[in-house]
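The values are calculated or read from the model by the stated rules, or taken from the named source; none is laboratory data. Just so it is clear, the model here is predicted, and its values are computed rather than measured. In this analysis, Cβ positions are derived from the backbone assuming ideal geometry, glycine residues included, and neighbour counts consider all displayed protein chains.
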Amino acid sequence: MENASLFNTRGFTDDTLFDALSSANAGLGTPEMGQIAGQRAVIYRNVSDGFDVYASVYGSDIITGKSNNSPVSSFGSFGSPAVTSSEAEAAADNAVSQLTELIKQIEIGSPTASSSGSMSYFMEQKQLSMKPIYNVYGPDKTLVYHVEGDVPHLNYSIQKNGTEVMKLKKKLPAIMLSYSVILGGSEIGHLKQKVKLSCPEIVGTLNGSELKIAADALLYDFEVTLGGRKIGEVKKAAVFDNYSIIIYDESCRDLLITAAVMCDHLVDRSGT
């Protein structure tokens with residue numbers, strides 16, 4: 001995606017669009033007001049190596065796109081595509097898609113819930129830590145879950161409001177990832193990564209029902225199904241190892257937080 005155009009149904013100005021995006025959780029960092037080729041825009045800086053992404057009111061439309069922020073950039077006109085490494089550009093395109101979808105939700109009056117009733121949470125991994133630590137924030141930006149692993153990166157405690165609600169145990173290093181899901185001291189699920197050249201999957205059972213985590217080829221989008229029913233999605237943000245978790249079934253929320261940790265492991269394995 002080089003840029004996208006949305007009809008400005010709510011009559012946003014650049015300033016009111018900035019206010020709306022500042023109060024929503026895009027998972028792209030903190031927005032700021034700036035200019036893209038002389039046009040005022042809401043900008044998320046450095047979403048990938050050499051790229052910013054932006055949203056700007058342009059006539060009756062809202063334009064989203066990416067901008068090359070390299071000092072040697074040849075970017076010269078509003079909305080024109082930038083060129084850099086394919087990996088950084090793919091991450092920037094994904095960030096543009098995230099921003100565009102968020103604006104669509106804001107325009108229908110719900111930045112965190114879709115018309116199907118889904119809710120979005122944001123998972124942020126702590127950087128420069130000996131132990132893997134994740135914090136998960138709810139739609140109102142309050143801390144809801146805390147996930148903490150041990151130094152060997154094998155055992156993970158999923159805690160909600162300070163109380164452990166689930167454990168994830170990763171088996172000793174192997175060619176393919178393998179897990180046990182533990183609830184109340186009992187193993188309720190076992191999953192293993194399938195052998196695939198692309199679009200990796202982690203598949204197993206949870207309380208007798210099939211649980212599947214399926215990634216796209218770039219490991220940015222993950223679909224989580226239980227018993228053949230889609231219960232949520234996990235989307236990698238362009239910044240660090242952060243993720244949006246979209247929950248379609250609130251009764252599976254603890255499980256989807258656990259699934260997001262497994263998604264991060266797939267990303268780490270791939271070096272994405």
The residue that is farthest from K192 (Cα to Cα), considering only those in the stretch 137-170 that are hydrophobic (A, V, I, L, M, F, W, C) and part of a strand (DSSP E or B), is L143
Just for strands (runs of 3 or more DSSP E) wholly inside the stretch 192-268: which have at least 2 residues that are in contact with a Ser or Thr (Cβ under 8 Å, 6 or more places away or on another chain) and of a type outside the set (V, I, T)?
209-215, 229-236
Scan the stretch 62-83 and give yes if some residue there is at pLDDT 70 or above, within 16 Å of A237 (Cβ to Cβ) and among the hydrophobic types (A, V, I, L, M, F, W, C), otherwise no.
no
How many residues does the stretch 1-47 hold that are in a strand (DSSP E or B), under 18 Å from the mean Cα position of the chain (by Cα) and either under 23 Å from V136 (Cβ atoms) or acidic (D, E) (or both)?
2
